[in-house]
Each structure stands twice: as structure tokens, then as C-alpha cells.
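Input: a single structure, listed below in C-alpha cells.
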Amino acid sequence: MDGKAFRADFPIFEIEKSMYLDNAATSQKPKCVLEAEYGFYEKMNANPLRGFYPLSVEATKAYEDAREKVRGFINADSVKEIIFTRNTTESINLIAYSYGLNNLCRNDEIVVSITEHHSNLLPWRMVADRTGAKIKYLYPNKEGEFDPAAIDEAITERTKIAAMGQVSNVLGSLNPINHLIKRVHEVGGVAVIDAAQSAPHMAIDVKKMNPDFLAFSGHKMFGPMGIGVLYGRKELLEAMPPFMEGGEMVDIVRFDYTKYSELPHKFEAGTVNAGGAVGLSAAIDYINKVGFDTMNEIEESLTKRAFEAMKNIPHLHILGGDSAEKHHGIISFTLDDVHPHDVSAILEADGIDVRAGHHCAGPLLEYLGVNSATRLSLMFYNTEEEIDAFTKSVASIRERMGFND
Amino acid sequence: MESRSFYNEILTEHNVSPYHKHDIENPDIVLEGVNPNCGDDIWLKLKCDDDIIVDAGFTGDGCAVSQASADIMIGLIIGKKKEEALRLADIFIRMIKGEAREEEIDSLEEASALRDVAHMPARVKCAVLGWHTLEEAFGNN
């Protein structure tokens, strides 16, 4: 079972013949998303939220309709809780600067898992450096699994923030965020969930999950680059100061007085990425049309196919979980004596695009004892032929690098 | 193999069985070269008698391109004058940029096996790491 039936939805596959297996970095974009963004600039381009003329009103409506679409996508209570940003990184920085710097002080603690992408790690180090708070890391076992008891122990009365990604961008592991959220709420802290890797693959219901903040990027879920989302609980967002000051985030500005706009516009200074938001809205429609069930069925089947073949390649070591089910489309690996950049260069010569390096998760690789790794990451539009070409190429690498076994 | 890659026999051999990847006794110059993006990391060690490089070696780790290139470079510069080594480094770096003449590339002997890296922008830094470190080593001396 694979994604052949969906290939035609993605114009890039007609032009670019390399096999794209770097989907955790960014997804490809279906035609409906490209057309939606094009259509915004073609038919309704005006600065949203500013003009009173019909074109601007239409642009504003398109932008706010996109916000409503995102609200429905994650089942938030109100569009006031949906802030458009550039990406996950900006969303988390917004929380760090606006919430973190203003609510933490010396000896408070921030609990972060060591598996985090730098974008859910460095903002917290910045908050710790500036406020005197302490960072406490959560460590998984070698399979990438966190012990709930260790989470309970790490999160204490001093914990003000606990941050965790729902799915690891290196290990593909699904993290126990529900447990973390429940635990940090017991001690009165807030939970920040990085959903960058999960939003393209699974339904998120913030009412059930109950995070205080949740961030994801449009470009990883078939939307355009440059549009991202921050969900925040209304009470928290209302109490937070703006992240950036400027146009279209104020109601009144006098010589000596500023009254900020209501949510969500308080956090959206300057001209917004309305075209991107409209594209993201189309991406959500596309996801709903295909359905997560269909996507997951294909992705699980492809992951299993890749995992089983990779398991049998001598000298190959998969990072993280010992079964395909634990990988959610992401399989990072090392090959004895061959540097990941050489692995990816040979794959590239065979027409296969994967990522090699530290995957913006330096501390995790350090913890796992590897300098860098090569990563295969799948999407439902990938095919069995692509997986087979990948595993065949990987299996040939050591010989092509001059090793005889 | 069917590969269009630049991993030819000379390169893989110098990577798998490097001749000069070892410490040397009482080096006169020791300099580290790093590619922060890739994590390639080499320590270049040179022993000189007046202007002549009498012995050299390197340690460290990184991708095949960085390691083989450093190994080939050392093989080429041992016994040569500092100026000659720097001249070869200049040619090598221009070769990787696609700017060297054929007869210049011929003078690089085995190092010319890396010429195809010129078509791989992402790997240029790996190929020139050892050579840049050599330039820096003499520049600082």
C-alpha cells in the first residue's frame, strides 16, 4: 500500500524526478495549496485589517477565515487563541519572550526533554540565562521512551514551564505529552507542546490534550513556508505583553499612551502573511479530504517496509525504537565507518533526497553517542518503489565506499 | 558501480586506509581545522626543517571527502618547500572552485581525483578543509 494515487495532487512530482524522502524537513505542496495562495494575490490582494474598501475587507475575511479553519483543525475554543506566526520556532520564541521572561525568576525550573529540536530548547535556555531559572532535562531510554515516573520526579513545585515535542524529529517517537501536561498542571506550571512533527500526521484536539501552548508550522503540513501557528490558552495570552510592537496590534496610540488590540491581533504586529494563511487553510482542507486515517495507513505500511529492510542491512544501526510502529515515518540511522554526509551523498547520486547531520537536535545526538545521523522521513505520497530504491542504495553504500564486508 | 557519485577508488582508498592519519613526533606546527556545519574536524601536524616539510600527519574525524583529501594532501606536501605546498593548496582550492587550468590540475597528482567535488557545492568545504588548514598553519607561522 502506498501513495501513488495521490502523486498527481503534487505538481513537483511531475517536474522533479528525485525521490523525496526528507518530509520531516518540509512537506511537498499540493496544487490546491499553490492555487489558494496564488488566488489570494491574484484576486484579493490588499493589506488585511487596514482598509475599509471592499478589496481590503475581502483580504481580511480570507485571512480570518483561515484562522477559523485552524481553530477547527485543532478544536480550540476560540479564534482568539490562534496566533499566526512564521513557523514553530517563532511561535515558541513568542512564548519564551512574552511568557517566559515575564513569569519566571531565579530558582524557578524549566523542564525540557533532551530529544527536543533546538527550536524548543534554545528559547528555554535563553529564558533561563536571563531570569536565573534552571533547565532540567528529561532523558529517554535508548528506545526514545520516557518513563512517566521520571517525568513526575523531574517536575516539581518549582517547575514553571515543561516543554516537549509530541513526535521527535530524529527518533520519530511519540512522546507522553498527556502525562507531562497533567503533571505540570498539578504543580501549577504551564505545558508547551511542539507539534511541528505531529500536526501533519495526526489529529490534534487541544480540548482533550489540554496544553497551555502548542506550536506548529504550515510548511510541514502541506502549507506554504512562512506561516505557522501558536495556540495559547486565552487567559494566558490575555495576560501576556506583546512579543513585537508595531502596526496593526494597537487600538489607540497617543503621545503617551498605547492601548493594545484584543487577541489575537495583539500578537500579530506588522503586515501579516495573509497569502500564507490562505494557503495553510487550503492545506487543512486537503488533509481533511484525504483524511488522517488514509494517510496513517499508508505511512505505517511504508515505515514498516523501510524498517524491516533496514533491520537486515549489515552495519546499519537505527536510532530509537525497535519496531516500525514506534517511528511514525521517521527512521534515523548510522552506518558503520561511513559518515552520514557520505551516506546522503551516495543516496543523492542515486536520486534519493534524505537529510544528514545533527537534525537541529545536538543534545539528543550527544546523549545517544553519535555525532550525526542520516534520516529517512516519509509522507503518505511516497511509494513502495521509493522505499525499495532507498534501502537498495543504502545496502550498497559500504561496498561503494571501499569496505569489503 | 552504477553510481554517478564522485566516490572513486582513490578517494575511498585514502578514506578507508589513510597513510598519514597518525600523530608525528615533535611537530613544529599543530592546527585544528573544523567545518562546524558537518562536524568534520582535523588536526594537522607538520614538522619542518627550514623551509622544507620533512614530516606531516593528521588526526580527527569527518566524512570521507574531508579525510581522504587531507590524507592525499599530506602525501603530496611531504618533502616539499613551504612555498610549493602553498602553491599546490592554491591550485587545489581553485580546482574545487572550478577555476584551475588542466596542466595545473595535473600537477596535483592524486589530489586531482577530487576534482568532481567542484560539482557538489555542499561538499566543497569538506574537500578544502585540510588545505585551508595548511594555508592557515603557514599563514600564522
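Things to note:
- Reachable aspartates and glutamates from A:K4, criterion Cα separation under 16 angstrom, eight or more residues apart if same chain: A:E14, A:E16, A:E297, A:E299, A:E300, A:E384, A:E385, A:E386, A:D388
- Sorted fewest first by neighbouring Cβ atoms within 10 angstrom, A:T294, A:T115, A:T89 come out as A:T294, A:T89, A:T115.
- Reported to the nearest whole Å, the Cα centre-to-centre distance from region B:54-108 to region A:286-348 is 38.
- Neighbour net charge for A:E248 - beta-carbon separation under 15 angstrom, K R +1, D E -1: -1
- Near A:E145, once Lys and Arg are set to +1 and Asp and Glu to -1 for all other residues with Cβ below 13 Å from its Cβ, the sum equals -2.
- Cα long-axis angle, helix A:177-186 against chain A (0 to 90 degrees, to the nearest 10): 40
- Phi angles of region A:385-398 translate, via the Karplus equation with coefficients 6.51, -1.76, 1.60 and θ = phi - 60°, into HN-Hα couplings of 4, 5, 4, 5, 5, 4, 5, 5, 5, 4, 5, 8, 5, 4 Hz per residue; Gly and Pro are given as x.
- Chain B, relative contact order in percent, only Cα pairs under 8 angstrom and at least six apart counted: 26
- With respect to chain A, whose longest principal axis is taken over its alpha-carbon atoms, helix A:274-290 is tilted by about 50°.
- Grouping the Cα pair distances of region A:218-301 into 10 Å bins from zero gives a pair-distance distribution of 15, 33, 28, 15, 6, 2, 0 percent in increasing distance order.
- Test item: A:346-354 mean partner chain Cβ contacts at 10 Å: 3
- Comparing A:D77, A:D194, A:D22 in a Gaussian network model of chain A where C-alpha atoms under 10 Å apart are linked, the largest mean-square fluctuation is found at A:D77.
- Among B:C63, A:C360, the order by Cβ neighbours within 10 angstrom, fewest to most, reads A:C360, B:C63.
- Shown here for region A:353-405: GluC sites (Glu not before Pro) in loop regions (DSSP other than H, G, I, E, B) with at most 11 other Cβ atoms within 10 Å, of which there are none.
- Positive-end residue of A:V190, A:S56, A:G226, charge dipole of region A:33-287 with Cβ unit charges: A:V190
- Overall, the protein assembly as shown carries a charge dipole of about 2040 debye about its Cα centre when +1 sits on the Cβ of Lys and Arg and -1 on the Cβ of Asp and Glu, all other atoms neutral.
- Listed by chain and number, the lysines whose C-alpha is less than 16 Å from the C-alpha of A:K142, apart from same-chain residues fewer than 8 away, are A:K326.
- Cα-centred dipole magnitude for region A:291-400, charges only on beta-carbon of K, R (+1) and D, E (-1), debye, nearest 20: 280
- Counted by neighbouring Cβ atoms within 10 Å, the residues A:S396, A:S98 run from fewest to most as A:S396, A:S98.
- Mean projected area (nm²) of the alpha-carbon convex hull when region A:291-400 is viewed from all directions: 6.7
- Exposed-site-free run, longest, chain A (rule: trypsin sites (Lys or Arg not before Pro); DSSP loop; at most 16 other C-beta within 10 Å): A:159-405
- For chain A, built as a Gaussian network whose Cα springs stay under 10 Å, the top-fluctuating residue of A:G246, A:G357, A:G232: A:G246
- Charge tally around B:R115: other residues with Cβ under 13 Å, Lys/Arg +1 each, Asp/Glu -1 each, net -3.
- Per residue, the convex hull volume that the Cα atoms of region A:1-158 enclose (Å³): 206
- Separation of the alpha carbons by more than 28 angstrom is noted, of A:K61/A:K259; A:K69/A:K266; A:K208/A:K259; A:K29/A:K136, for A:K208/A:K259; A:K29/A:K136.
- With at most 12 other Cβ atoms within 10 Å, longest stretch of chain B clear of loop GluC sites (Glu not before Pro) (DSSP): B:26-98
- Mean per-residue shielding of peptide A:333-340 is 3, counting Cβ atoms of other chains within 10 Å of each Cβ.
- log10 of Debye I(q)/I(0), alpha-carbon scatterers only, for chain A at 0.10 Å⁻¹: -0.69
- Dipole of the protein assembly as shown, positive direction: furthest Cα of A:T383, A:H341, A:A36, with charges on the beta-carbon: A:A36
- The number of Lys pairs in chain B with C-alpha atoms less than 24 Å apart, excluding pairs fewer than 8 positions apart on the same chain, is 16.
Since every read-out is calculated from the coordinates, none of them should be taken as a lab result. From a predicted model like this one, the values you see are computed outputs, not experimental measurements. Neighbour counts are summed over all protein chains in view; Cβ atoms, including those assigned to glycine, are modelled from backbone coordinates with ideal geometry.
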